[in-house]
Structures are given as structure tokens and as C-alpha cells.
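Visitor: Quick one: this structure, given as C-alpha cells, is what I'll be asking you about.
The values are calculated or read from the model by the stated rules, or taken from the named source; none is laboratory data. Since the model is a prediction, treat every value here as computed from it, not as a measurement. Cβ coordinates were reconstructed from backbone atoms using ideal geometry, including for glycine residues, and neighbour counts include every protein chain displayed.
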Ligand SMILES: Cc1cc2nc3c(=O)[nH]c(=O)nc-3n(C[C@H](O)[C@H](O)[C@H](O)COP(=O)(O)OP(=O)(O)OC[C@H]3O[C@@H](n4cnc5c(N)ncnc54)[C@H](O)[C@@H]3O)c2cc1C
């Protein structure tokens, strides 16, 4: 076992870091100002388009799609992608520049894997080109959605169409004016076996009966221009061909998308935490209290050391999970994916919280990215499955393994 990045990864990482230094950090705040000064806060500022063109030209595009999805994507392994995703995670909005942002990445994987040729032509190609954005609508306000079998939205066959009725919320991306397509999870057969009741269906945003009711806040942030929407589906009719794979496949598709989606959030969170540590190191050198820079206080040094240890532990676990996914597949790697999905958001919350503390009031202000980054990290303890659900499943599997009873698969 060795811990060096491969020459291919190192070369991409060098290019990505150079791109971040030249094109992202210098305009980090300008982009946030552009979002807030836009006449429509849900429309992406035009500077994003020019950054995307530069990233494409630099060969830093669709890095997230592994080899099995070729000819789509860059064909990197999860292990190769991990440090790149981490680097993008250092600036909250930068993943979109490289067409590597959630929920589009998960939706592109789903469309590549489960979409028909027509779906790929109509939705996957513009997504891969970064021309449109997308959303994934599973969570519902009326039911405990951490248990996906609770989902109530009805998807009912009527001739050559499906009719959809239900209410979703926290549909990330659906507020954005460039979001053109939603992958919607609902029930086609409530009487079927518990995990065969659900299906996933493609619903264009402009379909009659789709109403975006309101943007939801996450920890007080609206996360413009992407947003998290509450969406009502009132007798929404789409062609039957919009159903992905077939009736009853929705739960299996959801499980498939969540593995990579979860680890990508962890990779980004390691970037968030590392950036917070870097900012903290800078700040404590500059700030003088009680006659000396904060960096000379022993408790500050201990905190900095602990932050480093926490990040490094999570980074190594993430790399191990990525490697296991590459070598044995997402299903076999599910325990270690659950482990890192528990570890990384908690680590990031702790590290960013300490960085905020070292910044004093400034850490909570709009002049630093720390509070928005903390809010993001905190929400990932919920999104893509709350910690408790991952712990319940991981604990169950570990106990079964211990007594040799784990069911195959
Ligand atoms: C910023 C943000 C973005 C999101 N984006 C999306 C999106 O794009 N699409 C989408 O569909 N959803 C999205 N979500 C929703 C997210 O996936 C859900 O919030 C999550 O699955 C939990 O569902 P719930 O909110 O209904 O919580 P509930 O199911 O009501 O659960 C509440 C709490 O109960 C506890 N709990 C649940 N099960 C157990 C258990 N077995 N043991 C012990 N405790 C338990 C947990 O602490 C959990 O947080 C997003 C959420 C946030 C905050």
C-alpha cells in the first residue's frame, strides 16, 4: 500500500489547482456578489458560463464519471477523482465550473446507466455539455423520507402516459432558471413488495401541473442561484417512455445513485475543512491578542493540530472507500461508504466550527466563507441519508458479519 497519487491524478490535480488559483479564488467573492445583485436571484450569473468554457478548454470537465460510463466523462476511478473533487470543494460554488456539481452528477450517472437512447439524447447530452441543470425529487414534507419506502407521490399509468400527483421539498437545483429536468421518485404500485413499489420518472420542469411553490432555506441560507425547492405535482402528465427502466425499479435506482453521490459530498467536505484550516492558520498569525499573535497560544496550536488530524483521518477513509468502490463495486463497498458518510460531515462541522471560533465575529460574517461552508457541512448530516440511518445500517451489518449471518448482497 502506498499513499501517493498516481502520475495521472497528480497531473490533473496540478492543472486543477492552477485553474483554481488563476480563475476561481480571485473571483470567489465577485461571484457571490453577482448572485445577490442579479435581478433574478435564481438565474446563474453570466460569469459562470465563461468559467465553464475555460474549464472545458483546460480539459477539466466531467471529471466525476468513471470508466464504466465511457464515452461519457473523463474515465477516472473514484480514487483518482477524490483529490480533484476535494480541490473543487474548497470553494462552495466551484464544482459547477467543472460540471461536477450535485445533483447533476447523480442525475447524469442515472441517465447514463438507466436512460434510454432517447433520454440520453434529450437530457444527458445537454447535461454533459453543461447547457442545462437538473434536480432529483424524492423527499416529501408529509412523510419521514429518510425511509424511502414512505414516499407517497403517486405515479399512475393512464394509456401512453403517467399521471403524477404529490408534493416534494428540498429538491435541490429546482429553483434555478436553467433547471430543465427533474428525476422524480414516486410509487407506481403501493401494493407491491416494499422495495418494488417505487419508480423514477423524468419530468421536464415546464410540464403543465408542475408548480415550484417556494424556495426552502437550509440553515438560513437559500443557496442561490441553485436553491432547494418545494414542488407540487398536480395531475402532471408525461409520456410513459419517461419512466426509467421500468415500474418497481425506483428503489434500486435510488440505491445505485446514492453511493457515488455520498462519497462525492465527503470529498467536497474534506476540501471545505482543509480550506477552513488554511484560513485559520492565516488568521491566527495575523491576529494579536494579549500581546502576541494567536498562533503563539498553546490552545490555538492544539486546535490547529487536532483539525489537521481530523481532516487527515477522514481523507484516508474517503480514499479507502473510493478504492473499495473501484475494486469491488458500490454494493460491496456500502459499509465503508456509510462509514465515511457518517465521519466526513461530522469532521467538517467540527473543523469549520473551530476555524470560525479562531476568526472571532469575522468567522460568522459575510466576509469569510466559513459560516456558509459550515451550513453546507451541517446539512450533509441529513442530505443523502441522515447519520442515524447510516449508523443503523452499518451497525446492523457489522453485527451480522460478526455472527456470520449477513445475507448475500
Ligand atoms: C440542504 C438539503 C438539500 C437536500 N437536497 C435534496 C434533494 O435534492 N432531493 C431530495 O429528494 N432530498 C433532498 N434533501 C432532503 C434529505 O435527503 C432529507 O432531509 C433526508 O433524507 C431526511 O429525510 P427527512 O427530512 O424527511 O427526515 P425524517 O425522515 O423525518 O427523519 C428525521 C430524523 O429522524 C432521525 N431518524 C430517522 N431514521 C432513524 C433511525 N432509523 N434511527 C434513529 N434516528 C432516525 C434522524 O435523525 C433524522 O434526521 C435535502 C436536504 C437538505 C437539508
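Visitor: Could you tell me which of the residues 186, 130, 173 is within 16 Å of the ligand (Cβ to nearest atom), at pLDDT 95 or above and within 17 Å of the chain's Cα centre (by Cα)?
Guide: Values: 186 fails: within 17 Å of the chain's Cα centre (by Cα); 130 fails: within 16 Å of the ligand (Cβ to nearest atom).
Unique residue meeting the criteria: 173.
Visitor: Restricting attention to the range 198-243, which residues are under 22 Å from residue 113 (Cβ atoms), surrounded by fewer than 18 Cβ atoms within 10 Å (Cβ to Cβ), touching a residue at least 60 places away in the same chain (Cβ under 8 Å) and in contact with a strand residue (DSSP E or B) (Cβ under 7 Å, 6 or more places away or on another chain)?
Guide: 239, 240 - these are the residues of the range 198-243 that are under 22 Å from residue 113 (Cβ atoms), surrounded by fewer than 18 Cβ atoms within 10 Å (Cβ to Cβ), touching a residue at least 60 places away in the same chain (Cβ under 8 Å) and in contact with a strand residue (DSSP E or B) (Cβ under 7 Å, 6 or more places away or on another chain).
Visitor: Please give the helices (runs of 4 or more DSSP H) falling wholly within the range 1-89 in which 2 or more residues are under 20 Å from residue 369 (Cα atoms) and either assigned by TED's automatic domain parsing to the domain that holds residue 323 or without any contact (Cβ under 8 Å) to a residue 60 or more places away in the chain (or both). Working first, answer last.
Guide: On the way: elements: 7-19, 28-37, 47-57, 78-89.
The qualifying helices (runs of 4 or more DSSP H) are 28-37, 47-57.
Visitor: On the basis of being modelled with pLDDT of 95 or more and within 18 Å of the chain's Cα centre (by Cα), does residue 305 make the cut?
Guide: On the way: modelled with pLDDT of 95 or more: yes; within 18 Å of the chain's Cα centre (by Cα): no.
Taking the combined requirement at face value, the residue does not satisfy it.
Visitor: Name the one entry in 407, 377 that is out of contact with any strand residue (DSSP E or B) (no Cβ under 6 Å at 6 or more places or on another chain) and at pLDDT 95 or above. So that I can check it myself, show each step before the final result.
Guide: On the way: 407 fails: at pLDDT 95 or above.
Going through 407, 377 in turn, the sole match is 377.
Visitor: Of (1) more than 14 Å from the ligand (Cβ to nearest atom); (2) over 27 Å from residue 333 (Cβ atoms); (3) touching a residue at least 40 places away in the same chain (Cβ under 8 Å), residue 246 satisfies all except one. Which?
Guide: (2)
Visitor: Would you pick out the residues in the range 115-127 that are in a helix (DSSP H, G or I) and either more than 16 Å from the ligand (Cβ to nearest atom) or over 22 Å from residue 59 (Cβ atoms) (or both)? Walk me through how you get there before you give the answer.
Guide: First pass over the range 115-127, keeping only residues in a helix (DSSP H, G or I): 117-127.
Within the range 115-127, 117, 118, 119, 120, 121, 122, 123, 124, 125, 126 meet the criteria.
Visitor: Whether any residue in the range 372-380 is within 16 Å of the ligand (Cβ to nearest atom) and outside any helix (DSSP H, G or I) is what I want to check. It would help to see each step written out before you state the result.
Guide: The first filter runs over the range 372-380 and keeps only residues within 16 Å of the ligand (Cβ to nearest atom), leaving 372-380.
Among the residues that remain, those that are also outside any helix (DSSP H, G or I) are: 380.
Within the range 372-380 (the criterion being within 16 Å of the ligand (Cβ to nearest atom) and outside any helix (DSSP H, G or I)), the answer is yes, since at least one residue qualifies.
Here is a yes/no grid of residues against (1) in contact (Cβ under 8 Å) with a residue 60 or more places away in the chain; (2) surrounded by 23 or more Cβ atoms within 10 Å (Cβ to Cβ); (3) more than 30 Å from residue 224 (Cβ to Cβ):
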site	(1), (2), (3)
320	no, no, yes
329	no, no, yes
332	no, no, yes
347	yes, yes, no
355	yes, yes, no
370	yes, yes, no
375	yes, no, no
391	no, no, yes
